[in-house]
Amino acid sequence: MKRIIALLALLALLTVSASAAYIPEDVLTENRDGRQLVIKTYTLSPQDDPADLVQPPFDLDGFHYEHMETVKEDLTFQDARQHTETVTLETSTDGLAAILTELSPSMEYAKDGYTGVLMLDHTTLKTEASGYTTKTYTISDTRQYTGLDRNDPSYVPATVVKNGTTLSLSNITWNTTGTGIYGDTLLPTSYTATATYTASGSRKVATGYVTTASYTGEITAEGVQAVRYTVTYLGAPIEEAKPEAKEGVSIFPWVILLLALTALAGGGAAAFVFLRPNAVIYAMNAKGVAYKRLGAQRLTVRKPKLDFTRLREYPAAEASVELKRQVAHKLSGRLVTIQLYDGTRTHLVEWNDGMDSYWFAVKDDDKEENEG
């Protein structure tokens, strides 16, 4: 029977509760209204799964505890800030009145969890040409030349200047302004020439306009920053003496259990005893409190080294290590080496016999040279 009990204890050690992945930030044992309670408080991120928080039934200080309830409390946050959004608008004109008709006086903002209404700031409007093109046009001028004795084109200048541009003669019309009788014939005696001059001109004109404007206002955000779980266990007194087994009870089920446990633990019992982890690595939150188990490894006196690169989940920031009492006592005054991706760290173990276990932090400072 003693062998069966020992094997059952070994099987219990091999079964690691999922709740060990998190450690509570507060544990309270109290008797409330005649009920013996153990209350454990955890603070997790909204992404963490709380399903692993509940422990299997356990015994503590003469009481047998079982899970009673889990209470969830969202830890919310609120934030407000001033924000400016700049918009760009293409128009065919640079007239302010036309541009304002195309700009909304306000705009809704919703991004990265923040919402609000932003108002147009008219003082920020700025309009520029988006591009240019060259346009050609005709410059013309009409001149009259009077008192000419004959309709001879040589009397008419070939070019004239208008507003700094030289125009060329393109057409002449003649009008008779005076006549005379020579014999029996009436003949013109004077002429007026009407001359038309032209030239081609060009200028750059905008193909369109781009206006930038700013909208300003207060935006706010609120949500769940963390989640607090309060896990309560109800305790019942453990009987001091167990009743002896009655005679005639078949031991056949015990034989089957013994054979099964022997097959399960026979090959691995020795390895478990001598190779089981004695150092547990936890993640630390911003307050410097260990809150999530990342894995466990074994330290030896001959080679006191931990390798964080072998963990299933590498620490996102600082980490905390818990050494079991026996190994911490043996390593007192020794350096423990911690292998990280960017090098190694070391820690001097300073054991005190009054400790239940030994804790130390692994920080980003105190970086050692990489091992060659």
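The values are calculated or read from the model by the stated rules, or taken from the named source; none is laboratory data. Bear in mind the structure is a predicted one, so any value in this text is a computation, not a measurement. Backbone-built Cβ (ideal geometry, glycine too); neighbour counts: all protein chains shown. Note: accessible area is taken over every heavy atom of the protein model, side chains too, but ligands, DNA and RNA are not part of it. Shrake-Rupley method; radii C 1.70, N 1.55, O 1.52, S 1.80 Å.
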ask   = Heavy-atom accessible area per residue, region 93-208, 1.4 Å probe: how many Å²?
value = 67
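Multiply the residue gap between Arg35 and Val224 by 0.36 nm, knock off their C-alpha separation, and tell me the result in nm, one decimal place. Present the calculation step by step, with values, prior to reporting the outcome.
Details: separation 189, 0.36 × 189 = 68.04 nm, distance 3.29 nm.
Fully extending the segment from Arg35 to Val224 adds 64.8 nm.
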inquiry  = For region 134-206, what are Rg and Dmax over the alpha carbons, in angstrom?
reply    = 17.4, 68
note = Quick calc: nm separation of the 7 Å Cα→Cβ label points for Gln339 and Asp61 -> 4.3
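Using a Förster distance of 56 Å, how high is the FRET efficiency between Thr177 and Ala98, based on the Cβ-Cβ distance and rounded to 0.05?
0.55
Using the heavy atoms of the protein chains and a 1.4 angstrom probe, tell me the accessible area per residue for region 281-366 in square angstrom.
Values: 4950 Å² over 86 residues.
So region 281-366 comes to 58 Å² accessible per residue, rounded to a whole number.
Largest first, what is the accessible-area ranking of Leu331, Leu96 with a 1.4 Å probe?
On the way: Leu331 0, Leu96 105 Å².
So the residues, ranked largest to smallest area, are Leu96, Leu331.
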request  = Convert each backbone phi in region 91-98 into a coupling constant with the Karplus relation 6.51 cos²θ - 1.76 cosθ + 1.60 (shift: θ = phi - 60°), then list the ³J(HN,Hα) values in order as whole Hz, x for Gly and Pro.
outcome  = 9, 8, 9, 9, x, 4, 4, 5
query = Can you work out the base-10 log of I(q)/I(0) for region 22-137 at q = 0.20 1/Å, using the Debye formula on its C-alpha atoms alone?
reply = -1.17
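Figure the gain on full extension for Thr124 and Lys330 (residue separation times 0.36 nm, minus the Cα-Cα span) and round it to one decimal in nm.
Values: separation 206, 0.36 × 206 = 74.16 nm, distance 7.17 nm.
Here the answer is 67.0 nm.
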ask   = If the chain between Asp353 and Leu148 were fully stretched, how many nm would it gain, using 0.36 nm times the residue separation less the Cα-Cα distance?
value = 60.5 nm
remark   = The alpha-carbon center of region 130-176 and that of region 28-71 are separated, in whole Å, by 105
